[in-house]
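K.L.:
I have a structure I would like to understand better, so I am pasting it below and will then ask my questions one at a time.
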Amino acid sequence: MKNKIIVFGSLNLDFIVKTKNFPKIGETLMGIEYFIAPGGKGANQAVAVARLSCPVYMIGAVGNDYFGDLLIKNLKENHVKVDYVFRSSKKTGVAFININNQGLNSITVIPGANYELKDELLKKTFHLIKNNDIVIVQLEIPISSVYEIIKESKKRKAFLILNPSPIKRIKKEILKLVDILVLNEIEAINIVNKKMTQKEIALELVSLGVKRVIITLGKKGAIFCDKNKKIDIFPTLKVRSVDTTGAGDAFLGALAGSLLKGESFSKAIKIANIAGALSTKKYGAQNSFPFLKEMKKLRNI
Ligand code: RIB
């Protein structure tokens, strides 16, 4: 049984614009609607963990501004511990998200304060990591901080989940420290930088030393591969999607929460698939994440 979950990562305020199609270069497009909602891959994953009633800390940085106040307040309301969400002189991170009529998105992130999670600030948080905790990290904070978090987590015998999003090159010696690498189809192709099928990519990552790989495939579910090099495919629910923003974060948070509760990898992936699918039925990231109760009602999990 693991103790608690610590999410190191980004907090952004998302500006979501709904249009029929994505705008082309030089084009002025009339949109349909817009929303402003709490986001950031780190904060999203922390909220997704909390939806499973698991203890979770968010470690990150926001500006000394109204957006920062809003994001912290929202995390508190979602039962995420915010004692280590620092205030910085930089502006709170924001994301500009376009959604088309199929619910697909394209995202531009301005990291702002998220890039201040480094050096002394980061060191102040490491005492929280204990044997058997689950640590989650993504790549919307400085890459040097990501490496430090991974090394420190392994030193302190925590279980480490890396979500290499948005994609950046990761050193091979760091990949070897990762207990589960969770990435989507586009990130998978970019991380190996070769033309391969998703199954081949999963096998390649395992042979590079990653202990377990999960590639999320959107409507097709997810692929799982571990050191035994056996590929398992987990189909997902069919739902009517309006916005896929944060679906990967809902998946990851539910996966980590289920593992914390002692579920097997296959059961945790099944629950994560349900969380990811249900999150696409509403607009925004965190606000769309399902509670365990809703998931149980839908499926016998
Ligand atoms: O994964 C979705 C998230 O990516 C959005 O909430 C946005 O803030 C960006 O970080």
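Readers should treat all values here as calculations from the given coordinates under stated rules, not as data from a laboratory. It should be emphasised that the depicted structure is a prediction, and the values quoted were computed from it without experimental measurement. We place every Cβ from the backbone using ideal geometry, glycine too, and count neighbours over all the protein chains shown.
K.L.:
At Ser144 and Asp65, where each label point lies 7 Å from the Cα along Cα→Cβ, what is the point-to-point distance in nanometres?
P.N.:
2.5
K.L.:
Using the Karplus curve 6.51 cos²θ - 1.76 cosθ + 1.60 with θ = phi - 60°, what ³J(HN,Hα) values do you get for each residue of region 23-37, in whole Hz, with x for Gly and Pro?
P.N.:
Calculated HN-Hα couplings, in order: x, 8, 4, x, 9, 9, 10, 8, x, 9, 6, 9, 9, 10, 8 Hz.
K.L.:
With a bin width of 20 angstrom, please list the P(r) values of the chain as percents of all Cα-Cα pairs, from the 0 bin to the one holding the largest distance.
P.N.:
36, 59, 4
K.L.:
Same structure again: Nearest 5 percent is fine: what portion of the DSSP beta bridges confined to the chain is antiparallel?
P.N.:
In the chain, approximately 40 percent of DSSP beta bridges are antiparallel ones.
K.L.:
Moving to a separate point now. May I ask you to evaluate 6.51 cos²θ - 1.76 cosθ + 1.60, the Karplus curve with θ = phi - 60°, for each residue of region 285-298 and list the ³J(HN,Hα) values in order in whole Hz, giving x for glycine and proline?
P.N.:
Karplus values, whole Hz, x for Gly and Pro: 8, 3, 5, 9, 6, x, 7, 3, 4, 5, 5, 5, 4, 7.
K.L.:
Cross-link candidates for Lys293: which aspartates and glutamates have Cα within less than 20 Å, leaving aside residues fewer than 8 places away along the same chain?
P.N.:
Glu77, Asp249, Glu263
K.L.:
Mind checking which of Leu128, Leu160, Leu177 has the largest fluctuation in a GNM of the chain, springs on alpha carbons under 10 Å?
P.N.:
Per the Cα network of the chain with a 10 Å cutoff, Leu128 tops the list.
K.L.:
Just grab the label-to-label distance for Leu104 and Lys157, each label 7 Å out from Cα along the Cβ direction, in nm (one decimal).
P.N.:
Placing both labels 7 Å along Cα→Cβ, they lie 4.7 nm apart.
K.L.:
Can you tell me the Rg and the Dmax, both Å, for the Cα atoms in region 1-112?
P.N.:
15.7, 55
K.L.:
Let me check I've understood the local charge: for Asn100, count other residues with C-beta under 9 angstrom from its C-beta, Lys and Arg +1, Asp and Glu -1. What total comes out?
P.N.:
Net charge in that neighbourhood comes out at +2.
K.L.:
Here's another thing I want to ask about it. Quick one: what are the phi-derived ³J(HN,Hα) couplings along region 248-258, Karplus 6.51/-1.76/1.60 with θ = phi - 60°, whole Hz, x for glycine and proline?
P.N.:
x, 6, 4, 4, 5, x, 5, 4, 4, x, 5
K.L.:
Using modelled amide H (1.01 Å from N, peptide plane; none on Pro or chain starts), what sits under 5 Å from the amide H of Val94, excluding residues fewer than 5 places away?
P.N.:
Amide H to amide H, under 5 Å and 5 or more residues apart or across chains, Val94 pairs with Leu13, Ile110.
K.L.:
Another question about this same structure. Going by Cα centres, region 143-178 and region 59-138 are how many Å apart?
P.N.:
Region 143-178 and region 59-138 have Cα centres separated by 17 Å.
K.L.:
Follow-up question, since we're still on this one. How much length is gained on full extension from Phe265 to Arg87, taking 0.36 nm per residue of separation minus their Cα-Cα distance?
P.N.:
That works out to 60.5 nm of additional length.
K.L.:
Please give the net charge around Asn64, taking every other residue with its beta carbon less than 15 angstrom from that of Asn64, where Lys and Arg add +1 and Asp and Glu add -1.
P.N.:
Its environment carries a net charge of +1.
K.L.:
Over the chain, calculate the relative contact order: mean separation of alpha carbon pairs under 8 Å at least 6 apart, over the residue count, as a percent.
P.N.:
19
K.L.:
Rounding to the nearest 20 debye, state how big the charge dipole of the chain is about its Cα centre with +1 on each Lys and Arg Cβ and -1 on each Asp and Glu Cβ.
P.N.:
980
K.L.:
Additional query: Need one number: convex hull volume per residue for region 191-301, Cα atoms only, in Å³. Mind dumping the intermediate values first?
P.N.:
Working: hull volume 12.2 nm³, N = 111.
It is 110 Å³ per residue.
K.L.:
Kindly give Rg over Rh for region 228-275, based on alpha-carbon atoms, with the Kirkwood expression for the hydrodynamic radius.
P.N.:
1.01
K.L.:
Another question, then. Counting pairs on different chains as well as pairs 8 or more places apart, how many Lys pairs in region 131-205 have Cα atoms under 23 Å apart?
P.N.:
27
K.L.:
So, how do all the Cα-to-Cα distances of region 163-249 break down into 10 Å bins, in percent, from 0 on up?
P.N.:
17, 53, 25, 5, 0
K.L.:
Something else about it: For a protection proxy built on the mean count of beta-carbon atoms within 10 angstrom, sort 44-50, 198-204 highest first, please.
P.N.:
In decreasing order of mean packing, 44-50, 198-204 become 44-50, 198-204.
K.L.:
With the dipole of region 135-189 worked out from charges on the C-beta (+1 for Lys and Arg, -1 for Asp and Glu) around the Cα centre, which of Ser144, Pro164, Ile186 lies farthest toward the positive end?
P.N.:
So the residue furthest toward the plus end is Ser144.
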